[in-house]
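Asks: Sharing a structure, written as structure tokens. Questions coming.
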Amino acid sequence: MKVTFLEGQIMKALSGFYYVYCEGKTYQCRARGNFRKRGLTPLVGDHVVFQADNLKEGYVLELLPRKNALVRPPIANVELALLVFSAVEPDFSANLADRFLVAIELEDVEPVICISKMDLADEARKAEIAEYQAIYEEAGYQVLLTNTDIDKKAVLDVIAGKIAVIAGQSGVGKSTLLNALNPNLDIETGVISFVLGRGKHTTRHVELMTIGEGFIADTPGFSSIEMDDLTTENLQFCFPEIDRRRGECKFRGCVHENEPKCAVKTAVENGEIAAFRYKHYIQILTEVKNKKERY
């Protein structure tokens, strides 16, 4: 009997099963044992070679090369990250936004900032958010502002044709946004806990969901990001406005902290780089240095 090998992409991982999409069909597969021996784990988003006699009994045989792999959520070949923050409840935090951006830049994934709940913000907060929007766009990021009545087209356009993840603090409206983009999803939305200031976790497994012409993975709610691969050298690449100026500094290897004739510090003094962005850069740089000393 001839064995047919197929190529597909893992759309969901749940309870030891991998759901592989191939030519309009989804096959339920298990992974061959030799993955464990080789220290490999198939991830949602992986392109794989598999075999299946029917839709329920297939086997993943080989992982094809990955573009990247995220740890949280565990997903491969991500092209875009929709980073969702809310204008209010919880209030927008530039510090948190910059940490998310660094983590995503580190993985060579394109970030898009989405600030939700704009209709719940008062005029002062709207003006504040508009300032942040201008600063992040000047740095080189795309920023989307959404209301509860979401402008779906803008979000669908950035996801089209891509594998994306949606990430952000709990309670910022990720599930509400996904349900608005695809009402068939019916994702459970978490109620804001005002005691904790963050929502209850509502996401339990990783799955690529169809959103318009693209795919998106919801992520468990979390409020901090591990950045184990971050170094004093690669941190500056994660701030585009700093990265653009690093070649203008007097000293090669300048980390833009205490060095003389630093183009980045000059740009901050001249208002060309936002002071809060530089402050967050220095905070993260200090954390990286302290971590290195501990090890």
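Asks: Conditions: (1) surrounded by fewer than 19 Cβ atoms within 10 Å (Cβ to Cβ); (2) farther than 17 Å from residue 135 by Cα; (3) modelled with pLDDT of 95 or more; (4) not basic (Lys, Arg). Residue 262 meets all but one. Number of the miss?
Replies: (1)
Asks: I'd like the full set of residues that are at positive phi and either part of a strand (DSSP E or B) or under 25 Å from the mean Cα position of the chain (by Cα) (or both), limited to the range 1-24.
Replies: 15, 16, listed by residue number.
Asks: Here's a check for you: in the range 229-243, which residue that is part of a loop (DSSP other than H, G, I, E, B) and either open to solvent by less than 50 Å² (accessible area, probe 1.4 Å) or without any contact (Cβ under 8 Å) to a residue 40 or more places away in the chain (or both) is nearest to residue 272 (Cα to Cα)?
Replies: It comes out as 239.
Asks: Sticking with this one: Suppose we keep only residues that are more than 27 Å from the chain's Cα centre (by Cα) and either of a type in the set (Gly, Ala, Ser) or part of a loop (DSSP other than H, G, I, E, B) (or both) within the range 25-48. Which one would you say is surrounded by the most Cβ atoms within 10 Å (Cβ to Cβ)?
Replies: In this case the residue turns out to be 32.
Asks: Within the range 49-61, is even one residue under 23 Å from the mean Cα position of the chain (by Cα), open to solvent by less than 90 Å² (accessible area, probe 1.4 Å), among the aliphatic types (A, V, I, L, M) and modelled with pLDDT of 95 or more?
Replies: Checking the range 49-61: not a single residue is under 23 Å from the mean Cα position of the chain (by Cα), open to solvent by less than 90 Å² (accessible area, probe 1.4 Å), among the aliphatic types (A, V, I, L, M) and modelled with pLDDT of 95 or more.
Asks: If you don't mind, another one. Cβ contacts < 6 Å: first residue more than 18 Å from residue 102 (Cβ to Cβ), restricted to the range 121-148; second residue assigned to a helix (DSSP H, G or I), any location; separation 6+ or different chain. Result?
Replies: 144/154; 145/118; 147/118; 147/119; 148/119
Asks: What are the residues in the range 102-128 that are within 21 Å of the chain's Cα centre (by Cα), farther than 18 Å from residue 174 by Cα and assigned to a helix (DSSP H, G or I), if any?
Replies: Answer for the range 102-128, where residues must be within 21 Å of the chain's Cα centre (by Cα), farther than 18 Å from residue 174 by Cα and assigned to a helix (DSSP H, G or I): 102, 103, 105, 106.
Asks: Only one of (1) modelled with pLDDT of 95 or more; (2) open to solvent by less than 50 Å² (accessible area, probe 1.4 Å) is not met by residue 124, so which one is it?
Replies: Just one mismatch for residue 124, condition (2).
Asks: Just one of (1) touching a helix residue (DSSP H, G or I) at 6+ places or on another chain (Cβ under 9 Å); (2) surrounded by fewer than 18 Cβ atoms within 10 Å (Cβ to Cβ) trips up residue 136, so point out which.
Replies: (2)
Asks: Among the residues of the range 87-102, how many are open to solvent by 10 Å² or more (accessible area, probe 1.4 Å) and either closer than 23 Å to residue 77 by Cα or of a type in the set (Asp, Glu) (or both)?
Replies: Count: 3.
Asks: Look at residue 178 and say whether it is open to solvent by less than 10 Å² (accessible area, probe 1.4 Å) and modelled with pLDDT under 95.
Replies: yes
Asks: Going through the range 149-175 one residue at a time, which ones are closer than 21 Å to residue 102 by Cα, of a type in the set (Lys, Arg) and in a helix (DSSP H, G or I)?
Replies: 174, the sole residue that qualifies.
Asks: Here are some residues: 282, 225. Which one is surrounded by fewer than 20 Cβ atoms within 10 Å (Cβ to Cβ), closer than 24 Å to residue 107 by Cα and modelled with pLDDT under 95?
Replies: None of the others qualify; the one that does is 225.
The values are calculated or read from the model by the stated rules, or taken from the named source; none is laboratory data. Model, not experiment: these values are computed from the prediction. Here Cβ is always computed from backbone atoms with ideal geometry, including for glycine, and neighbour counts include all displayed protein chains. The area values use the complete protein model at the heavy-atom level, side chains included, leaving out ligands, DNA and RNA. Shrake-Rupley method; radii C 1.70, N 1.55, O 1.52, S 1.80 Å.
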